[in-house]
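Student: Okay, handing you the structure first.
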There are 2 protein chains.
Amino acid sequence: MSGKAKPCVVLLSGGLDSSVAGAVARAKGRELNALSFRYGQRHSRELGMARSQARALGCASHRVLSLPLGSIAAGSLLLGQGARAGAGRGVPATYVSFRNGIFLSLAFAWAETLGADEVWGGWCRTDHQGYPDCRLPFFRAFEKAARLGTAAGSRGARLKVVAPLAGLSKAETVALGLSLGVDLAKTHTCYAGSSRPCGKCDACRLRAQGFRLAGKQDPLTAR
Amino acid sequence: MSGKAKPCVVLLSGGLDSSVAGAVARAKGRELNALSFRYGQRHSRELGMARSQARALGCASHRVLSLPLGSIAAGSLLLGQGARAGAGRGVPATYVSFRNGIFLSLAFAWAETLGADEVWGGWCRTDHQGYPDCRLPFFRAFEKAARLGTAAGSRGARLKVVAPLAGLSKAETVALGLSLGVDLAKTHTCYAGSSRPCGKCDACRLRAQGFRLAGKQDPLTAR
């Protein structure tokens, strides 16, 4: 391949979806720069998986940023807190206030530093249904804010949020990941954080259903 | 006064402008919740001033968040780095990539937790001229993203960025601050970080000009 690969930032959590999104970006010939966050999740197993995936994807760089979200975005199950702020009435108890707004703002800051126009992430159809900050109208609005609010954007860079899984079911994501050679044993999905999925949380149930409908065996639950 | 004051988040840097913006919010009867950031600025004198102002303004709460911006938004004079990313061609060397996008995303996350609709800040006419993320079109676009991307917004909360100094010169800001009783001796402006303004950096020059045109003595330079 000749010419320089176009750089992008990939939000890489270490979960199944973001790993597959990263593999799509790589398949499209992008130079990958992975961005992960330590934000008070109840467990750090995901971050180890993010590191594995960043290596496997051949990322040009990988940053893990610590964010003190617990002190401002209280009340999510994901932050190890029982109560909620914002959740309810169709919004899952794992909602963390404006999390993707925060992640995208940091990603576009880094993108500008790298000279990248695109931020990729693994937002999927199921996320879209529950989380307001995983929906395409939000991404379009955020792109506009980023174009207006960065030096690069104000000079004409077409900053973009790329969500290659937005239209896919979990089964389609599993199949796509396998077709792209993603090592799904090196992804973490369970909210509980043990190496073997608990099988009970929403994330585990969605993942199990995805593998089942794709007609594949999840390597994490293989005996 | 009867009834509960409407809560808001105020971005409080410890500089002159944000202190005056906070005083305007207080004068409008808001409950103030101050948010400050430690993000690798070359000095921390500003944060001490932010604490003083938060006390003086009677803020209901004050959070100081540490953000590792140096690892992603390299190249600003403000981060103590010589080179630049994004600056040049009309953008000051003190530009930190998408800084206000990052600050606003965290502020709206906290606002949702607090049940607040407004984020106030001290962006002024001079900022507006240089920094893309201090301009009203950016704020309008960001509000839209926040309304779409938060649970509160998606239920109809009219989230707003409030920039009471947007149309004011520095002299008008100085006069407004004095009329509202802001202790301008407890603000910090100089990029260099010493207690007495260096008098040479852009921030010092703008401040000195503001006091001069307002016909007032800057308490920081009084003998």
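Read-outs: derived from the displayed coordinates by stated rules, not from any lab. Since this is a predicted model, take the numbers as computed values, not measurements. Neighbour counts run over all protein chains shown; Cβ positions are idealised from the backbone, glycine included.
Student: Over 25 Å between Cα atoms, which of A:Lys6/A:Lys144; A:Lys160/B:Lys170; B:Lys170/B:Lys200; B:Lys160/B:Lys200 qualify?
Tutor: Distance filter (> 25 Å) returns A:Lys160/B:Lys170; B:Lys160/B:Lys200.
Student: Moving on to the next point. Suppose every K and R has +1 on its Cβ and every D and E has -1 on its Cβ; what is the size of the dipole of the stretch B:138-209 about the Cα centre, in Debye to the nearest 20?
Tutor: Result for the stretch B:138-209 is approximately 220 debye, rounded to the nearest 20.
Student: Quick check for me: using +1 on Lys/Arg Cβ and -1 on Asp/Glu Cβ, what's the dipole size of the stretch B:7-182 about its Cα centre, in debye to the nearest 20?
Tutor: 100 debye
Student: Packing-wise, with mean Cβ within 10 Å as the measure, how do A:126-132, A:181-187 rank, highest first?
Tutor: Result, highest mean first: A:126-132, A:181-187.
Student: Run the simple label-point estimate for B:Lys200 and B:Asp183 please: 7 Å along Cα→C-beta, distance reported in nm.
Tutor: Going by the 7 Å Cα→Cβ label model, 3.1 nm.
Student: Once Lys and Arg get +1 and Asp and Glu get -1 on their Cβ, which of B:Tyr95, B:Val10, B:Ser169 lies farthest toward the positive end of the dipole of chain B?
Tutor: Positive-most Cα among the choices belongs to B:Ser169.
Student: To continue, here is another question. Give the Rg/Rh ratio for chain A, taking Rg as the radius of gyration of the Cα atoms and Rh as the Kirkwood radius, to two decimals.
Tutor: 0.95
Student: As an exercise, identify the trypsin sites (Lys or Arg not before Pro) in the stretch A:25-71 lying in DSSP coil whose Cβ has no more than 16 other Cβ atoms within 10 Å.
Tutor: A:Lys28, A:Arg42
Student: Additional query: Using a Gaussian network model on chain A with a 10 Å cutoff between Cα atoms, which of A:Gln41, A:Gln53, A:Gln209 fluctuates the most?
Tutor: Maximum fluctuation in the GNM of chain A, among the listed residues, is at A:Gln209.
Student: Can I ask one more? For the protein assembly as shown, go through all pairs of different Cα atoms, get the mean of 1/r, take its inverse, and jot down that Kirkwood value in Å.
Tutor: About 22.7 Å for the protein assembly as shown.
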